[in-house]
Amino acid sequence: MESEEFEEDAMTAIADVAAQWEATCEVLGGLVSKDAYQRWFRASRLVAVEDSKAVVAVPNDIHQVWIETNYMPELATAVAETIEGVRGVRLVVEDKLAEILEPAASDIDRAVPARPAQVAPMGGEVSFEKRLKTSGLNPQFTLDNFVVGANSQFAHAACEAVGKRKGPGYNPLFIHGGSGLGKTHLMQAIGQEFLRSMPASRVVYLTCEKFTNEFIDAVRKGDLERFRKRYRTAELMLIDDVQFIGGKERSQEEFFHTFNSLLDGRCQVVLTSDRPASEIKNLEPRLVSRFECGLTVEIQPPVFETRLAILQKKRDEWKVKVEEGIMRFLADRIRSNVRRLEGALMRVATFASLAGERVTEERVEHLLRDLLREETGKQVTVDSIQRAVADHFDVRLADMTSRRRPASIAFPRQVAMYLSRTLTKQSLMEIGEAFGGRDHGTVIHAVKRITAQMEADLSTRDAVAVIEASLRR
């Protein structure tokens with residue numbers, strides 16, 4: 001009798017889950033294109049609801065990565081609208097369900113909302129996975145799965161020493177390098193090693209932008225004490241993209257005191273930045289000296305052999321089939337950063353999987369024409385624009401960020417703002433920050449003025465054209 005009641009309850013649960021997913025798909029169909037829905041969601045299904053998150057099963061790793069990269073906001077919106085109490089989505093590959101959900105004896109059992117496979121041990125201890133989540137760490141970012149090359153060997157060794165607490169203390173550890181080279185990966189790997197060796201330690205990972213936003217919110221609410229207590233009691237503090245604090249005077253003041261409090265309390269601090277501390281614009285000298293008082297390491301773009309090794313590792317992880325010749329082609333043509341390299345592999349692997357045809361170099365050239373165009377073209381940055389404009393108008397580079405406003409300086413500065421807006425992907429706020437912490441309204445005014453002057457004055461138009469040509473050479 002009990003078994004019959006259980007089976008009846010299980011069948012009801014199956015029907016409920018199916019109905020919830022059907023309702024979700026109806027909403028989702030209005031948020032994405034028909035082709036996108038058929039390609040990425042038709043073979044997916046709702047498995048369970050756990051901890052206010054909908055667990056959605058997808059056919060393979062490619063579906064998981066592609067949906068997470070391109071359609072998670074739409075999927076989360078559809079789920080939130082149709083399943084009461086759900087505030088997030090978790091994607092799981094079908095063949096990994098057994099690792100995620102409690103083992104089931106049948107499809108009926110699997111359809112019933114299940115408990116997590118790893119339950120907190122006796123004595124109130126918290127699982128390692130739970131600690132990672134609480135600390136803000138991504139479990140995929142480990143020292144073991146980071147591909148080490150000549151470009152990152154020193155940085156990897158330093159991170160391993162800090163994470164495993166070997167050798168002399170490197171405090172703070174300052175990691176800098178271009179976007180997409182693995183700084184965040186190494187930083188979070190330190191956090192994982194820390195938690196493995198000291199499970200009870202308090203590890204905090206956050207971006208500098210989050211630190212600034214939370215500080216502003218704490219000031220607004222008059223709750224600075226709680227803010228300080230949260231960040232000044234950690235054993236390991238991981239702060240990503242610290243360059244964004246440049247020019248934010250009040251945030252720098254709080255950051256300075258928090259930083260000192262952490263070091264005085266023997267807390268290990270790890271920082272990342274897209275440039276050396278001394279080159280962060282509008283960063284107070286006292287912060288520069290604090291950042292440089294420990295160990296500074298740089299990650300450079302990977303060489304061909306390292307790029308190929310990264311691609312091979314990702315191919316194995318994603319379980320996709322891409323010919324070795326195509327792998328070498330990608331490694332040779334995409335050199336700027338690892339993130340773009342992985343994105344190119346994902347695009348090629350997805351096409352091969354869906355099209356069911358052999359991928360040639362000509363096909364790859366077409367698929368990746370936007371990435372390859374950017375790789376071959378010289379990258380223009382706000383820094384390079386400021387240098388080119390300063391050279392052309394014979395003014396000091398420092399005048400680009402100074403508060404001096406004579407016409408001989410203000411006009412070149414406006415030209416530089418105009419070019420920054422038209423030649424880079426930086427936002428108005430980011431451009432303003434790069435020019436001495438000016439607001440977005442100043443940038444808009446500069447763009448409008450130079451645009452109007454170019455239409456009315458041939459010499460201005462020629463000057464801008466000459467500078468732009470020099471930047472693209």
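The values are calculated or read from the model by the stated rules, or taken from the named source; none is laboratory data. A quick note: this is a predicted structure, and the numbers were derived from the prediction, not measured. Note that each Cβ is placed from the backbone with ideal geometry, even for glycine, and that neighbours are counted across all protein chains shown. Note: accessible area is taken over every heavy atom of the protein model, side chains too, but ligands, DNA and RNA are not part of it. Shrake-Rupley method; radii C 1.70, N 1.55, O 1.52, S 1.80 Å.
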Add +1 for every Lys or Arg and -1 for every Asp or Glu among the other residues with Cβ under 14 Å from the Cβ of residue 87, and state the total. -2
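Enter the accessible area per residue of the chain (Å², integer; probe 1.4 Å; all protein chains in place). Intermediate results must be reported in sequence, preceding the final value.
Numbers: 25040 Å² over 473 residues.
I get 53 Å² per residue for this part.
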Please list the radius of gyration and Dmax for segment 432-473, considering alpha-carbon atoms only, with Å as the unit. 12.3, 31
Amide H partners (placed H, <5 Å) of residue 60, local residues excluded: 94
If only Cα atoms are counted, what is the Rg of segment 353-473, and what is its Dmax, in Å? 18.3, 64
Three semi-axes of the equivalent ellipsoid, segment 150-221, Cα gyration tensor, whole Å, largest first: 25, 18, 10
Which cross-chain or sequence-distant (5 or more) residues have an amide H under 5 Å from the amide H of residue 207, H modelled 1.01 Å from N in plane? 240
How much of residue 244 can a 1.4 Å solvent probe reach, expressed as accessible area in Å² and rounded to 10? 90 Å²
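Please pull out the direction-averaged projected area of segment 184-231, using the convex hull of its alpha-carbon atoms, in nm² to one decimal place. List each step's numbers first, then the result.
Values: hull surface 15.0 nm².
Reported value for the Cα convex hull: 3.7 nm².
I need to check one value: relative contact order of segment 128-230, counting alpha carbon pairs closer than 8 Å and at least 6 residues apart, in percent.
On the way: 78 pairs, mean separation 34.0, N = 103.
Result for segment 128-230 is 33 percent.
Against the globular-protein guess of 2.2 N^0.38 Å, express the Cα radius of gyration of the chain as a ratio, rounded to two decimals. Please list the in-between numbers first.
Details: Rg = 26.0 Å, N = 473, 2.2 N^0.38 = 22.8 Å.
Expressed relative to 2.2 N^0.38 Å, the Cα Rg reads 1.14.
Just in segment 320-414: which GluC sites (Glu not before Pro) are loop by DSSP and have at most 12 other Cβ atoms within 10 Å?
Working: sites: 323, 324, 342, 357, 361, 362, 365, 374, 375; in loops: 323, 357.
Counting only loop positions with at most 12 other Cβ atoms within 10 Å, the GluC sites (Glu not before Pro) in segment 320-414 are 357.
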Relative to the compact-globule scaling 2.2 N^0.38 Å, provide the ratio for the alpha-carbon radius of gyration of segment 243-305. 1.26
With just the Cα atoms defining each centre, how far is segment 253-297 from segment 328-389? Give it in Å. 34 Å
